[in-house]
1. Answer yes if at least one residue in segment B:134-145 is surrounded by 24 or more Cβ atoms within 10 Å (Cβ to Cβ), under 15 Å from the mean Cα position of the chain (by Cα) and either more than 7 Å from every other protein chain (Cβ to nearest Cβ) or in a loop (DSSP other than H, G, I, E, B) (or both), and no otherwise.
2. Tell me yes or no: at least one residue of segment C:18-34 is in a strand (DSSP E or B), under 16 Å from the mean Cα position of the chain (by Cα), within 14 Å of chain A (Cβ to nearest Cβ) and among the acidic types (D, E).
3. Here's a check for you: in segment F:109-119, which residue that is within 9 Å of the chain's Cα centre (by Cα) and more than 7 Å from every other protein chain (Cβ to nearest Cβ) is surrounded by the fewest Cβ atoms within 10 Å (Cβ to Cβ)?
4. Take the conditions surrounded by fewer than 22 Cβ atoms within 10 Å (Cβ to Cβ), at pLDDT below 95 and of a type in the set (S, T, N, Q) and apply them to D:S106. Does it pass?
5. So which residues in segment F:75-92 are within 14 Å of the chain's Cα centre (by Cα), within 13 Å of chain A (Cβ to nearest Cβ) and farther than 10 Å from F:R104 by Cα?
6. For segment C:146-158, what are the residues that are assigned to a strand (DSSP E or B) and without any contact (Cβ under 8 Å) to a residue 40 or more places away in the chain?
7. Could you run through segment F:68-116 and say how many residues are touching a Pro at 6+ places or on another chain (Cβ under 9 Å), among the β-branched types (V, I, T) and part of a strand (DSSP E or B)?
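The values are calculated or read from the model by the stated rules, or taken from the named source; none is laboratory data. Predicted model only: the values in this text are computed from it and were never measured. Here Cβ is always computed from backbone atoms with ideal geometry, including for glycine, and neighbour counts include all displayed protein chains.
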6 protein chains.
Amino acid sequence: MSEDGLTHLDSDGRPQMVDVSGKDVSARTATAEGVVRMAAETRRLALGGSSKKGDAITTSILAGIMAAKRTAELIPLCHPLPLSRVNVDITPCEDGLRVAAEVRTSGQTGVEMEALTAVSVACLTLYDMLKAVQKDMEIFSIRLLSKSGGVSGDYSASPAEDSA
Amino acid sequence: MSEDGLTHLDSDGRPQMVDVSGKDVSARTATAEGVVRMAAETRRLALGGSSKKGDAITTSILAGIMAAKRTAELIPLCHPLPLSRVNVDITPCEDGLRVAAEVRTSGQTGVEMEALTAVSVACLTLYDMLKAVQKDMEIFSIRLLSKSGGVSGDYSASPAEDSA
Amino acid sequence: MSEDGLTHLDSDGRPQMVDVSGKDVSARTATAEGVVRMAAETRRLALGGSSKKGDAITTSILAGIMAAKRTAELIPLCHPLPLSRVNVDITPCEDGLRVAAEVRTSGQTGVEMEALTAVSVACLTLYDMLKAVQKDMEIFSIRLLSKSGGVSGDYSASPAEDSA
Amino acid sequence: MSEDGLTHLDSDGRPQMVDVSGKDVSARTATAEGVVRMAAETRRLALGGSSKKGDAITTSILAGIMAAKRTAELIPLCHPLPLSRVNVDITPCEDGLRVAAEVRTSGQTGVEMEALTAVSVACLTLYDMLKAVQKDMEIFSIRLLSKSGGVSGDYSASPAEDSA
Amino acid sequence: MSEDGLTHLDSDGRPQMVDVSGKDVSARTATAEGVVRMAAETRRLALGGSSKKGDAITTSILAGIMAAKRTAELIPLCHPLPLSRVNVDITPCEDGLRVAAEVRTSGQTGVEMEALTAVSVACLTLYDMLKAVQKDMEIFSIRLLSKSGGVSGDYSASPAEDSA
Amino acid sequence: MSEDGLTHLDSDGRPQMVDVSGKDVSARTATAEGVVRMAAETRRLALGGSSKKGDAITTSILAGIMAAKRTAELIPLCHPLPLSRVNVDITPCEDGLRVAAEVRTSGQTGVEMEALTAVSVACLTLYDMLKAVQKDMEIFSIRLLSKSGGVSGDYSASPAEDSA
């Protein structure tokens with residue numbers, strides 16, 4: 001590990017996939033969230049006035065779940081991990097739509113990146129589904145909410161103010 | 001196309017990959033940006049005090065470029081497109097690091113999603129490279145800056161206030 | 001090309017990706033269908049009694065669309081093709097659920113395999129979504145319905161008897 | 001889990017990747033089969049009169065094996081699983097060619113979808129390899145033959161009548 | 001473009017996917033080769049004494065063809081390209097087995113990397129198929145044989161001495 | 001297993017993914033190396049005279065690490081494996097640049113192919129990064145250096161003479 005705490009770089013500053021072979025296999029969970037800011041009218045369309053119009057939401061949930069499974073392909077130094085659960089929720093919030101993800105594994109390293117990737121791709125898919133009606137939507141406040149399991153200890157952030 | 005302008009849903013609200021076969025092949029460009037908010041000390045580590053420590057930046061640039069090429073795998077209703085250029089820049093800004101991407105194609109549909117995907121995955125990779133030193137970084141303000149080419153006309157947003 | 005008409009094998013019987021570089025780029029369409037045979041009660045659950053329960057259908061439609069885009073990764077000797085439209089429909093039929101797909105491209109080779117792959121993966125996903133309630137469902141009668149465009153001429157099959 | 005037994009949908013009908021973290025890791029096996037119906041002459045070409053012409057069969061076997069490894073990418077709510085064995089056999093039957101697959105894992109969830117995916121993609125590849133000589137081939141009777149391991153108990157179907 | 005001719009790095013030395021949008025679409029071909037050095041007995045097993053034992057060769061040919069289609073996923077700064085032909089041949093040579101690949105496209109950039117990737121992955125697969133009988137095989141002399149099409153002119157290397 | 005020791009072929013010579021379900025999970029390591037032969041001037045450009053010009057090296061290291069994670073997608077009969085460490089080094093040698101990789105897992109089968117794949121793709125990426133200045137570079141001497149763990153015993157090769 002490099003002196004300065006950047007574990008993904010070796011002592012020469014070159015990228016490496018760090019050795020987790022000495023770590024215990026343990027249950028690990030991470031949750032993350034993000035918000036897509038949009039006009040009230042865009043949000044109304046996304047949520048749908050009639051029974052079937054919720055498919056923009058379902059499509060984005062699925063995109064987030066599938067992306068979580070591909071995290072190690074997207075993030076260069078992530079370890080490939082079996083995932084025992086991925087859940088993505090999309091709910092209305094004051095600014096638009098809030099995406100939340102929970103990922104669980106039983107493995108040697110945590111699943112923060114899987115949770116953040118699920119949120120990011122679900123947000124991108126919401127943008128894609130809705131961009132025909134509004135181009136200036138903004139994805140903001142993607143962040144880790146909590147992680148548990150593993151040696152480095154649990155972590156918990158306070159809920160985002162703007163997604164209440 | 002559905003009545004309400006959600007082109008990715010058909011008249012029953014079911015998802016579809018819209019027909020672009022009647023559109024002209026034309027030169028298209030899109031630019032997008034995002035910011036990873038972090039402590040000044042984290043940013044200093046990312047940028048590196050010595051010559052080789054910039055690899056966190058290089059790794060994130062590459063992750064963004066490679067993700068742009070896989071946009072159609074990640075975003076369910078995106079059309080697969082050949083890309084003629086992908087450029088990702090990461091520069092310091094007041095809040096942390098700003099990621100900007102430019103994507104070009106010669107095709108029948110635009111590359112907004114490719115630019116936004118490049119930015120998102122580069123931001124996620126920055127988070128991954130730096131999370132050992134700071135867990136409460138936040139990815140915010142991912143948005144489309146401009147698009148040109150195609151029938152729907154050009155689009156241009158003002159630069160983000162907080163990434164100056 | 002081998003003497004016996006198996007274009008994917010060379011004169012020694014070895015697999016090859018055939019040369020389409022001399023073919024014209026033209027508009028091409030293919031349609032295919034398949035049926036997942038299931039109990040009436042399983043079909044009722046899939047279609048949903050209430051507004052939101054149609055998500056098994058939406059999930060399978062999306063899986064089919066996304067699989068069409070990955071046909072060249074799955075079928076060893078398929079040419080990679082840009083797709084200008086993918087549409088997947090799932091409707092009730094006498095035996096269970098009928099999946100139909102339409103794929104369009106502007107390219108040098110046809111999209112039969114893309115349409116058949118979309119149908120197959122949508123059928124597999126229906127099976128996955130419903131297998132907790134019925135394990136002896138059967139995917140049957142996956143077949144090409146029509147193709148148009150290209151030198152080899154148009155092709156049209158009669159609708160399957162059992163999916164009326 | 002939803003009331004109606006559709007485990008891949010939550011109580012709101014939204015798709016989810018179900019939590020298997022509480023399940024034991026155990027040895028699991030699944031077998032599946034499918035048939036590609038074709039003319040006798042097409043089957044003769046596929047099987048090859050001379051030593052090297054069996055490559056259509058080998059290509060389809062490999063496509064099935066490789067697809068099994070990508071099941072979790074194709075089927076949206078499947079868990080990624082390490083696979084300890086994948087075997088695909090293609091043999092002549094009365095109607096054409098019969099594809100059978102056996103998949104084993106040591107994991108927290110079963111491999112039915114992996115076996116069915118291997119069969120489906122091997123059938124699609126047979127179609128692709130042979131479509132230059134016959135377009136009206138039909139993939140039919142893809143079904144689970146057996147599964148063992150896991151809490152839900154073993155399952156065994158009778159061999160398909162039409163693939164004798 | 002950087003001053004020193006490294007086109008994949010910008011003037012700051014950062015990686016970029018170069019802009020080919022101004023280039024003409026033209027027919028392009030590239031050929032490459034490589035050799036897997038092995039004991040005569042290993043080569044004999046690979047080639048097979050009986051009719052069906054050539055499947056190690058067929059498997060490696062298919063792996064090479066499929067890898068060519070995924071070049072842009074593997075090589076970070078490669079442009080995604082439609083391929084109009086991929087051919088891989090494996091023949092005995094003095095030192096073991098020689099792999100040759102030919103790739104064609106109609107595009108804005110060349111297919112050298114696709115040909116080299118096809119050769120490399122076919123060589124790796126030969127190693128994998130044969131490693132149970134010989135671990136000290138060596139992949140050597142992977143190189144570009146020729147390229148044609150495009151502005152930079154044609155290129156032709158002499159055949160490798162050691163693969164005669 | 002076939003009589004002749006080709007474990008990836010069954011008794012009929014057909015490819016199979018061998019059953020490792022009876023093997024113990026154990027710590028396994030493999031190392032491999034390869035050399036890209038190039039002119040001294042090309043090597044000088046790759047290594048960079050100024051601080052930022054090392055990005056050709058960093059890009060190739062990342063490509064190798066990412067490829068190791070995708071080995072089971074590229075090599076048809078490889079088992080998918082979780083990887084607990086991937087390290088790729090690129091150093092100057094007499095003939096050009098030497099690439100070395102080390103891969104670790106805790107699994108039921110070895111990681112030779114992952115190490116060889118990391119080396120191969122890093123070599124290909126070096127070629128891609130540098131081909132604008134030299135087209136007749138040659139990838140040679142890719143080979144397994146060592147493996148440990150598993151029933152078949154440890155293996156160790158002597159360092160390549162030409163990469164000193």
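1. No, segment B:134-145 has no match at all.
2. Looking only at segment C:18-34, we keep the residues that are in a strand (DSSP E or B), and these are C:26-34.
Pick out the ones that are also under 16 Å from the mean Cα position of the chain (by Cα) and you get C:28-34.
Checking the rest, the ones that are also within 14 Å of chain A (Cβ to nearest Cβ) come to none.
Scanning segment C:18-34 turns up no residue that is in a strand (DSSP E or B), under 16 Å from the mean Cα position of the chain (by Cα), within 14 Å of chain A (Cβ to nearest Cβ) and among the acidic types (D, E).
3. Looking at residues that are within 9 Å of the chain's Cα centre (by Cα) and more than 7 Å from every other protein chain (Cβ to nearest Cβ), I get F:E114.
4. Details: surrounded by fewer than 22 Cβ atoms within 10 Å (Cβ to Cβ): yes; at pLDDT below 95: yes; of a type in the set (S, T, N, Q): yes.
The answer is yes for D:S106.
5. Matches in segment F:75-92: F:V88, F:D89, F:I90.
6. Of segment C:146-158, the ones assigned to a strand (DSSP E or B) are C:146-148, C:155-156.
Within segment C:146-158, C:Y155, C:S156 meet the criteria.
7. Narrowing segment F:68-116 to residues touching a Pro at 6+ places or on another chain (Cβ under 9 Å): F:69, F:71-73, F:76-77, F:79-83, F:88, F:98, F:105-108.
Subsequent filtering for residues that are among the β-branched types (V, I, T) retains F:71, F:88, F:105.
Filter again for part of a strand (DSSP E or B), leaving F:88, F:105.
Going through segment F:68-116 one residue at a time, the tally reaches 2.
One line per residue, one yes/no per condition, for (1) modelled with pLDDT under 95; (2) under 19 Å from D:V119 (Cβ atoms):
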| site | (1), (2) |
| --- | --- |
| C:P76 | no, yes |
| C:P80 | yes, no |
| C:P92 | no, no |
| C:V99 | no, yes |
